[in-house]
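Everything on this sheet refers to the single structure shown next.
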Amino acid sequence: MKKNSWLVSAIGATALALPAIAAAQEITLRAVSAFAENTEYVRKLEGFIKQVNAEGKGSLQINFIGGPKAMPPFEVGNAVRTGVVDIGMSTGAFYTTIMPEADALKLTQIPAVELRKNGGYELINRIWNEKANMQYLGRVIDYTPFHLYLTKKIDKPDLTGLKIRITPVYRDFFQALGATVVQTAPGEVYTALERGVVDGYGWPIQGVFDMKWEEKTKYRVDPGFYNAEVSLVMNLDKWKGLTRAQSNLLTKQAVALEGQTVTWKKLNEDDTKRQAQAGIQTITFDAATAKQYYDKAYEVGWASAIKASPTYGPQMKKLFSK
Ligand code: 173
């Protein structure tokens, strides 16, 4: 009885909604971010969503659910894989439990715009499709190195006796330099510094101020290394269910977003100055030591990527390196 009356009213509602049949075909994708709402990453994501929603009226809309308050950062990848959400903005380091290859995007030495042309994106999507049930849509940040930030001074690249906050991005490199490592989400860095649980942390050159880490940071070690990666990924089944017009719109706006990644150069310069103004001192090494430090980051990074993925590691190295 109940079921039938529901059916009848459902039919009634459909009949009433008939004039709006075109609107009924519009789909709304749910997006989450592994990074907090007040970051530049989310500002870029919001710009992307605004463009998609403006152009996708009647066809495709994106609803931004939120950042780490809505979903723990290290769970975003899996939520995209399983379809709990449709689109995630995250970094490969946050979903290495799905596939170790994800973290290799930090090793790209050529910008995303070129990876779209040299076969890099085909390889990425072969891997992301096959191993993570994800479509890789595009990169949000480029041209941006990671750095080691410290509360204690060092005079050579030796981290013996220091506890450093990491994610998989920095693990092998900092361990190779002798550090004891502690993995945390970005949201836990401030407290870890405050309580002396860590003597430093890895982070890109930009964004230290978003969570007030300058209050607890005394030194930045130069040079930076790797290429910070934050990207948009989408559930593969959802992607395959899109019409050509819908998927083209997402690709077009992802390409447009990548076209804007040059703005990171300016953002990075601004934050470098701001760090100095905030009293963060720079630790540098002599030229030969600096080169060794930088080269070691890549040596260790690729060695571990290839060990974790003997098939795809070498292919990624070939296409991602200068
Ligand atoms: O949390 C991190 O330090 C991290 O892995 C990361 C990756 C890309 C951008 C910013 C942070």
Between Glu101, Glu37, Glu55, which is without any contact (Cβ under 8 Å) to a residue 60 or more places away in the chain and either more than 15 Å from the ligand (Cβ to nearest atom) or not aliphatic (A, V, I, L, M) (or both)? Glu37
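Identify the residue in segment 193-206 that is assigned to a strand (DSSP E or B) and under 21 Å from Glu269 (Cα atoms) and, among all such residues, is farthest from the ligand (Cβ to nearest atom).
Taking segment 193-206 as the starting set, the residues that turn out to be assigned to a strand (DSSP E or B) are 200-204.
Now narrow it down to the ones that are under 21 Å from Glu269 (Cα atoms): 201-204.
Numbers: Tyr201: 7, Gly202: 5, Trp203: 5, Pro204: 5 Å.
Among those residues, the one meeting the criterion is Tyr201.
Among the residues that make up segment 211-225, is at least one of them touching a residue at least 40 places away in the same chain (Cβ under 8 Å) and β-branched (Val, Ile, Thr)?
Going through segment 211-225, the residues touching a residue at least 40 places away in the same chain (Cβ under 8 Å) turn out to be 211, 213-214, 216-225.
Next cut, β-branched (Val, Ile, Thr) only: 217, 221.
Within segment 211-225 (the criterion being touching a residue at least 40 places away in the same chain (Cβ under 8 Å) and β-branched (Val, Ile, Thr)), the answer is yes, since at least one residue qualifies.
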Here's a check for you: in segment 28-57, which residue that is under 18 Å from Val80 (Cα atoms) and polar (S, T, N, Q) is surrounded by the most Cβ atoms within 10 Å (Cβ to Cβ)? Ser33
Hits in segment 32-89 - residues which are under 14 Å from Val230 (Cα atoms) and basic (Lys, Arg): Arg43, Lys44
Check off (1) surrounded by 19 or more Cβ atoms within 10 Å (Cβ to Cβ); (2) of a type in the set (A, V, I, L, M); (3) under 25 Å from Phe320 (Cβ atoms) for Val255 and give me the number that stays unchecked. (1)
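Hey, does segment 226-236 have a residue that's without any contact (Cβ under 8 Å) to a residue 40 or more places away in the chain, within 13 Å of the ligand (Cβ to nearest atom) and among the hydrophobic types (A, V, I, L, M, F, W, C)?
Initially, segment 226-236 is screened for residues without any contact (Cβ under 8 Å) to a residue 40 or more places away in the chain, giving none.
No, segment 226-236 contains no residue that is without any contact (Cβ under 8 Å) to a residue 40 or more places away in the chain, within 13 Å of the ligand (Cβ to nearest atom) and among the hydrophobic types (A, V, I, L, M, F, W, C).
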Would you be able to say whether some residue in segment 169-192 is in a loop (DSSP other than H, G, I, E, B), away from the ligand (no atom under 14 Å from the Cβ) and farther than 23 Å from Val300 by Cβ? no
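Looking at segment 193-249, which of the residues that are of a type in the set (Val, Ile, Thr) and either buried (at least 19 other Cβ atoms within 10 Å of the Cβ) or at pLDDT below 95 (or both) is nearest to Pro73 (Cα to Cα)?
Let us first name the residues in segment 193-249 that are of a type in the set (Val, Ile, Thr), namely 197-198, 205, 208, 217, 221, 230, 233, 243.
Keeping just the survivors that are either buried (at least 19 other Cβ atoms within 10 Å of the Cβ) or at pLDDT below 95 (or both) gives 198, 205, 208, 217, 221, 230, 233.
Values: Val198: 20, Ile205: 20, Val208: 18, Thr217: 23, Val221: 26, Val230: 12, Val233: 14 Å.
Here the answer is Val230.
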Does any residue of segment 111-122 turn out to be within 16 Å of the ligand (Cβ to nearest atom), in contact with a strand residue (DSSP E or B) (Cβ under 8 Å, 6 or more places away or on another chain) and over 30 Å from Asp199 (Cβ atoms)? yes
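Given the criteria surrounded by fewer than 16 Cβ atoms within 10 Å (Cβ to Cβ) and without any contact (Cβ under 8 Å) to a residue 12 or more places away in the chain, does Lys152 qualify?
Working: surrounded by fewer than 16 Cβ atoms within 10 Å (Cβ to Cβ): yes; without any contact (Cβ under 8 Å) to a residue 12 or more places away in the chain: no.
Against the criterion (surrounded by fewer than 16 Cβ atoms within 10 Å (Cβ to Cβ) and without any contact (Cβ under 8 Å) to a residue 12 or more places away in the chain), Lys152 does not qualify.
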Residue hits (segment 266-301; within 24 Å of Ala93 (Cβ to Cβ) and surrounded by fewer than 12 Cβ atoms within 10 Å (Cβ to Cβ)) are Asp295
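The values are calculated or read from the model by the stated rules, or taken from the named source; none is laboratory data. Nothing here was measured: the structure is a model prediction, and the numbers come from that model. All Cβ positions, even for glycine, are placed from backbone atoms using ideal geometry, and neighbour counts span all protein chains on display.
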